[in-house]
Structure formats: structure tokens, C-alpha cells
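Data first, discussion second: the structure below is written as C-alpha cells.
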């Protein structure tokens, strides 16, 4: 059976080829950052965690088993755990003023409306527990399957569904309260 480019890069990386690992970093860094940033809301902290995740993955690469799951899922699990650990250690107070948005709109009214919606969503998510926020981000924003969230979070499907139900309900209530 022919190996994919990713499988070849992983094999080379496991053998110590830093250039091959660099290609994996390029391939997954943007999406990894997206997940971590949505959890942390502070660009600099998210960048630090993503960098730490790639270093950690490099150091643990020999333990990665492609038969147990995809490399991307394994990497996102490392990044997610590091983000949660960082939040817990620093007890970060999420503030909307620290959140940088890179939206490019020609219509200033559309940009203003989108920024307001984004602020409301961040405000609502700030009220969630860490697990609820994690599940909400991965399922609703990143549109991952329950199986992918299980692999990243190590929660059971029932825990994911329960946390997602509560998160959706709380976000909806807070958004309705501020929209009306």
C-alpha cells in the first residue's frame, strides 16, 4: 500500500529529520492556532502554547502510533491540553480588550456588526466552564465530529454531549438576554 505524504513526513520526522517535521508544522500550525486561540482568547498566549505543543509533539513523536489515530488529532490533543493547563496555571481573566480580530471587510457596518456578534459570543463563552468551552469550540466552531472531540479531549461521547448541551443552552440564554 502506498504511503501518503503525511505518513512519509511522520516517518522521516520520527527518524530525526527536522525539515520533514517543519513541513508538518507548516501543515497544521494554522488550524492548531485556531483551536488554541478560541480557548485562550489572547493571541500571544495562544502562539506560545502552539509553539510549545509542536515542541512537545516533536519530543513525543516516537510514541505516536498512526494505527491509533490521525497525527492531526494527536497534535490537537496535545495543544488543547497545554492550553487548558496554561489557563489553569495562570488563571487567565479573559478580556475582550485583549482579543485581536483580523477581519477584513470593505463594509464598515458589516465589520462593526460582526465585531459586536463576536464580542457577544466571547462574552457568553467566558461564562462556560473549561470543559464546556472546549467542547463548544471543537463541536460548534471548529465543526469536529464527536469522535474527533473524544480523541482530543479524552472525554466520553456522553460527557461531550452533556457538556455541549449545557454550553449551547447557556450561550443561547446569554445571547438572547443581550440581543433583546
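Numerical summary
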{"read-out": "Residue among 168, 81 that is farther than 18 Å from residue 42 by Cα and at pLDDT 85 or above", "value": "168"}
{"read-out": "Every residue from the range 35-47 that is more than 15 Å from residue 140 (Cα to Cα) and in contact (Cβ under 8 Å) with a residue 24 or more places away in the chain", "value": "40, 41, 42, 43, 45, 46"}
{"read-out": "Whichever residue in the range 43-78 is buried (at least 19 other Cβ atoms within 10 Å of the Cβ) and over 12 Å from the mean Cα position of the chain (by Cα) and, among such residues, is nearest to residue 130 (Cα to Cα)", "value": "45"}
{"read-out": "Unique match (being more than 23 Å from residue 124 (Cα to Cα), more than 10 Å from the chain's Cα centre (by Cα) and surrounded by fewer than 19 Cβ atoms within 10 Å (Cβ to Cβ)) among 14, 89", "value": "14"}
{"read-out": "Restricting the range 135-180 to residues that are exposed (fewer than 12 other Cβ atoms within 10 Å of the Cβ) and not in a helix (DSSP H, G or I), the residue that is nearest to the chain's Cα centre (by Cα)", "value": "143"}
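The values are calculated or read from the model by the stated rules, or taken from the named source; none is laboratory data. A quick note: this is a predicted structure, and the numbers were derived from the prediction, not measured. In this analysis, Cβ positions are derived from the backbone assuming ideal geometry, glycine residues included, and neighbour counts consider all displayed protein chains.
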